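*Asks:* Got a structure for you, questions after.
The values are calculated or read from the model by the stated rules, or taken from the named source; none is laboratory data. Given the structure is predicted, the values throughout are model-derived calculations rather than measurements. In this analysis, Cβ positions are derived from the backbone assuming ideal geometry, glycine residues included, and neighbour counts consider all displayed protein chains. Side chains included, ligands, DNA and RNA excluded: accessible areas come from the protein's heavy atoms. Shrake-Rupley method; radii C 1.70, N 1.55, O 1.52, S 1.80 Å.
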Amino acid sequence: MRILDGLKPEKVFEYFEEISAIPRGSGNTDNIRDYCVDFAKKRGCEYIADEWGNVVIFKPAFKNEKSEPVIIQGHLDMVWEKDETSNINFETDGLELAVDGDFVRANGTTLGGDDGIAVAMCLALLDSDDIPHPPLEIVLTADEEVGMTGAGGLDTSMLKSKRMINLDSEQEGVLWVSCAGGVRADILLDVEYEDNEDNTFEICVSNLHGGHSGAEIHKGYANANKVMGRVLEMLRNKIKFSVCEINGGTMDNAITRDSKCIISSEADVIGAVKEISDRISDEYKSTDPDISITAVLSDESDKTMTFKSSNSVIDVLNDLPSGVIAMSKEIDGLVETSLNLGILKTVGNTVLLNYAVRSGKDAEKEKLCSSLCEICKKHSCKIEFRSSYPAWEFKPDSELRETMSAIYKEMFGKEMEVTAIHAGLECGLFCGKIDGLDCVSLGPNMFDIHTPKECLSISSCERVWNYLLRVLETI
């Protein structure tokens, strides 16, 4: 028996459970791509699977033949995050789903509702034989969560539509019509090692809230890597020590929940860290009440960084920014520019820092990148940029937006909120490739995405599905 059996809309949750059994983290989407291709073949749908891992599936109109085609778009990959209770091997194991009242969750891991619910809705549309709709161009892209490389490589000449509904949003009743652009920044600091003869300690920053580094960056959640930088800065003002290695985070677009640092010292590290923990924990008692900062004796390390290299690591961690840089001057409450230190990793003789940089204005994104370059120059770090994508700018005239807003008011008796989001969406890339594309983004309520607390509202999913069906019947 299926875990989600009986939930409505039934077909959507049936396919959501099926794809949840398929490992589909960013960079590991071959199996979900093959599943979608096989799905199209069994139903006699025309499809294209490209070298970037994208799948495009076409379905002729049903009872809406005179309407122009529409793109329904989502992404195949999900963010892999788990808590300490989970033994899942993300590369081989499916998710362990659970129903909790009105919510679907995954035990100990991210749920992948971002953007598995879009994939499930697309499959339910393709499998239907009684839903009126215009010609459908279902576009499922790869590796959205690591720089939108699938959408960036997609050849859109195969698409005829000038209208697109993106299903990668997480707030019911909100129509996203603009989003931030972004770029990944990789910062590399070379370090030197020497023999270690001192005691070895492991410092852990853990139990932080975490979250989406775009949609939730303004909420003030602590970043474990940045907290670790502060801990080490405060610690070196108390005692003498050197860093052996430092690691934290697994995704640059998730606010880091855990960070660990191995240090060597003759001093009372445990006592000193306890004092620091009390001070920092009090600062985050509102946003991260469960924050834990601890130090324990660790297995001995034969090598440790020189004091010069250790100090360089601490200085870089504290000098480089992370979080909100500027708020929008046009839209109240909207973050304009931010960055997130999502991954901190020691690899051989190099400490690697991976950032997700975002801005609603491309000029401000470039300005922030220039500032990072200046800081890196000061500390003799290398910096490399990759996976750049443009901002999705607001379109003053949108027939699709007006029609969908009117349908929402008719169905639910209230105005739909039309706004922008700081998170990156693939809409900007599609608008840059398809001249005159009229595009919107929507989705059901999801909470705590990119964390093991992620959950999807069942009732919201049903309402959004019914709304989507009315839109497809109308446009």
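*Asks:* Which residues, taken from the stretch 421-475, are small (G, A, S), open to solvent by 20 Å² or more (accessible area, probe 1.4 Å) and either touching a helix residue (DSSP H, G or I) at 6+ places or on another chain (Cβ under 9 Å) or within 27 Å of E10 (Cα to Cα) (or both)?
*Replies:* Residues of the stretch 421-475 small (G, A, S): 423-424, 428, 432, 436, 441, 443, 457, 459-460.
Right, trim to open to solvent by 20 Å² or more (accessible area, probe 1.4 Å) and you get 432, 436, 459.
The one that is small (G, A, S), open to solvent by 20 Å² or more (accessible area, probe 1.4 Å) and either touching a helix residue (DSSP H, G or I) at 6+ places or on another chain (Cβ under 9 Å) or within 27 Å of E10 (Cα to Cα) (or both): S459.
*Asks:* What number of residues in the stretch 280-289 are of a type in the set (D, E, K, R) and surrounded by 13 or more Cβ atoms within 10 Å (Cβ to Cβ)?
*Replies:* 2
*Asks:* Output the number of the condition that K285 fails; it satisfies all remaining conditions of (1) over 25 Å from G147 (Cβ atoms); (2) in contact with a Gly (Cβ under 8 Å, 6 or more places away or on another chain); (3) at pLDDT below 95.
*Replies:* Tallying (1) over 25 Å from G147 (Cβ atoms); (2) in contact with a Gly (Cβ under 8 Å, 6 or more places away or on another chain); (3) at pLDDT below 95, K285 fails exactly one: (2).
*Asks:* Going by the structure shown, is Y389 open to solvent by less than 60 Å² (accessible area, probe 1.4 Å) and either free of Cβ contacts under 8 Å to residues at least 24 places away in the same chain or touching a strand residue (DSSP E or B) at 6+ places or on another chain (Cβ under 7 Å) (or both)?
*Replies:* yes
*Asks:* Kindly indicate whether K303 is in contact with a strand residue (DSSP E or B) (Cβ under 6 Å, 6 or more places away or on another chain) and closer than 25 Å to G211 by Cα.
*Replies:* Answer is no for this residue.
So that you can scan it fast, the table gives a plain yes or no per residue for (1) within 25 Å of the chain's Cα centre (by Cα); (2) at negative phi:
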| position | (1), (2) |
| --- | --- |
| I407 | no, yes |
| E410 | no, yes |
| G413 | no, no |
| G432 | yes, yes |
| D438 | yes, yes |
| L442 | yes, yes |
| D448 | yes, no |
| I458 | yes, yes |
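*Asks:* Let me ask something additional. Looking only at the stretch 81-93, count how many residues are within 19 Å of the chain's Cα centre (by Cα) and not hydrophobic (A, V, I, L, M, F, W, C).
*Replies:* Going through the stretch 81-93, the residues within 19 Å of the chain's Cα centre (by Cα) turn out to be 81-83, 90-91.
After this cut, where a residue has to be not hydrophobic (A, V, I, L, M, F, W, C) as well, the list is 81-83, 91.
Looking only at that region, the number is 4.
*Asks:* Out of N54, N28, report the one residue that is at pLDDT 95 or above, more than 26 Å from S460 (Cβ to Cβ) and surrounded by 21 or more Cβ atoms within 10 Å (Cβ to Cβ).
*Replies:* Unique residue meeting the criteria: N54.
*Asks:* Does L339 satisfy the criteria of being among the aliphatic types (A, V, I, L, M), at negative phi and surrounded by fewer than 17 Cβ atoms within 10 Å (Cβ to Cβ)?
*Replies:* Spelling it out, it is not the case that L339 is among the aliphatic types (A, V, I, L, M), at negative phi and surrounded by fewer than 17 Cβ atoms within 10 Å (Cβ to Cβ).
*Asks:* Here are G323, G271: which of them is on the phi > 0 side of the Ramachandran plot, of a type outside the set (A, V, I, L, M, F, W, C), at pLDDT 95 or above and open to solvent by less than 40 Å² (accessible area, probe 1.4 Å)?
*Replies:* Details: G271 fails: on the phi > 0 side of the Ramachandran plot.
Of the residues listed, the single one that is on the phi > 0 side of the Ramachandran plot, of a type outside the set (A, V, I, L, M, F, W, C), at pLDDT 95 or above and open to solvent by less than 40 Å² (accessible area, probe 1.4 Å) is G323.
*Asks:* Continuing with the same structure: Only one residue in S265, S242, S292, S277 is surrounded by fewer than 17 Cβ atoms within 10 Å (Cβ to Cβ), modelled with pLDDT of 95 or more and either more than 30 Å from K367 (Cβ to Cβ) or hydrophobic (A, V, I, L, M, F, W, C) (or both). Which one?
*Replies:* The match here is S292.
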